[in-house]
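A short write-up of the structure that comes next.
The values are calculated or read from the model by the stated rules, or taken from the named source; none is laboratory data. As the structure is a computational prediction, the values presented were derived from the model and not from experiment. No Cβ is skipped: glycine too gets one built from the backbone with ideal geometry, and neighbour counts run over all protein chains shown. The protein model used for the area step is the full one, side chains on, heavy atoms only, and it has no ligands, DNA or RNA in it. Shrake-Rupley method; radii C 1.70, N 1.55, O 1.52, S 1.80 Å.
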Amino acid sequence: MGDGIQWLADLEHWMSSVVFARGISAKGLALRMGGAPDGASEPITDAEVWDLGIEEYRPGADGDGVVRVGECAGWSFAVEYGDSTGSDRLTEISRNGVETFHYVPMQEHPPATVNYARDGVLTWGLGLKEETHRWGREPDLLLPDLIAAQVLGPDGATPGAAEGEHYTTAYRRTLGVIEKRFSLSLSPAYLNEARLPAYAVRGNPAMHTGPDPDFDVIHAWATAKWASPAPTCTTARP
């Protein structure tokens with residue numbers, strides 16, 4: 001199973017939301033999230049995403065959204081940055097028999113959330129450590145699994161965790177249920193040092209790192225324009 005997904009409980013910032021999809025390629029996932037077919041950047045790390053010129057928020061308009069994509073354990077995944085589209089397009093991503101998960105990391109209040117869509121329908125979702133409240137077309141899809149893992153009590157309507165249990169411990173238990181049921185796994189390296197292609201899925205970020213790709217053209221034009229010697233100034237004699 002590898003790294004699984006329980007380690008996602010330790011993420012502390014919302015910019016590491018992850019979309020998983022089974023039934024399409026990593027590029028197919030990027031396209032369904034709004035990327036252009038020829039829009040992949042060079043493979044970049046998590047840190048280098050912020051060199052793409054992402055403007056996360058624009059008053060009264062969408063910000064820029066970017067994803068880095070890859071494949072692991074039979075699932076494609078997209079790590080989201082900025083004003084991305086995972087929440088908006090989850091059911092659209094899942095059309096034609098594709099399965100999708102969206103994990104949004106948060107601390108205890110409000111909780112991290114998991115939504116699962118299949119074949120164009122939001123099938124199941126919940127907030128971690130708030131598993132008594134579930135939604136979707138099949139809210140009880142994982143109920144027997146949650147009871148067996150003591151996430152919920154035997155009645156399925158009361159929390160099974162001990163009073164005062166730290167929220168990350170509770171998060172890991174529920175993520176473990178999902179990990180086991182759907183064979184989900186993702187290496188922590190993909191959210192850090194691994195190099196993955198990136199796609200713009202909303203807005204108009206620069207989508208390149210390093211020097212401006214037009215630098216050489218601009219430099220040649222400027223050199224030619226200003227290469228002629230400056231006029232010599234003279235002082236008129238009385």
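Please compute the net charge surrounding ARG172, taking Lys and Arg as +1 and Asp and Glu as -1 over other residues with Cβ under 11 Å from its Cβ. My count for the surroundings of ARG172 gives -1.
For ASP119, the accessible area of its heavy atoms, probed at 1.4 Å with every protein chain present, is near 90 square angstrom. Taking only the alpha-carbon positions of the stretch 53-130 and ignoring solvent, what does the Debye formula give for the base-10 log of I(q)/I(0) at q = 0.11, 0.14 Å⁻¹? Taken in order of the listed q values, log10 I(q)/I(0) reads -0.34, -0.55.
As a fraction of the 1.4 Å probe accessible area of the stretch 1-73, surface on carbon and sulfur atoms comes out at 50 percent.
Extension gain, GLU48 to ARG181, is 44.5 nm, computed as 0.36 nm per intervening residue step minus the present C-alpha separation. Of THR168, THR91, THR174, the order by accessible heavy-atom surface (1.4 Å probe, DNA, RNA and ligands excluded), from most exposed downward, is THR91, THR168, THR174.
For the stretch 107-180, report the % of Cα-Cα distances exceeding 14 Å. Of all Cα-Cα pairs in the stretch 107-180, 57 percent lie more than 14 Å apart. Per residue, the stretch 42-112 exposes an accessible area of 42 Å² to a 1.4 Å probe, with every protein chain left in place. Multiplying the residue separation of ASP145 and GLU193 by 0.36 nm and subtracting their alpha-carbon distance yields 13.9 nm. A viscosity of 1.567 mPa s and a temperature of 4 °C, combined with the Kirkwood radius over Cα pairs in Stokes-Einstein, give a translational diffusion coefficient for the stretch 1-154 of 79 µm²/s. Please compute the contact order of the stretch 27-182 in relative form: average sequence separation of alpha-carbon pairs under 8 Å and at least six residues apart, divided by the residue count, as a percent. Dividing the mean separation by the residue count of the stretch 27-182 yields 12 percent.
Between GLU165 and ASN204, full extension at 0.36 nm per residue minus the direct alpha carbon distance yields a gain of 9.7 nm. The Rg/Rh ratio for the stretch 48-90, using Cα coordinates for both the radius of gyration and the Kirkwood hydrodynamic radius, is 1.05.
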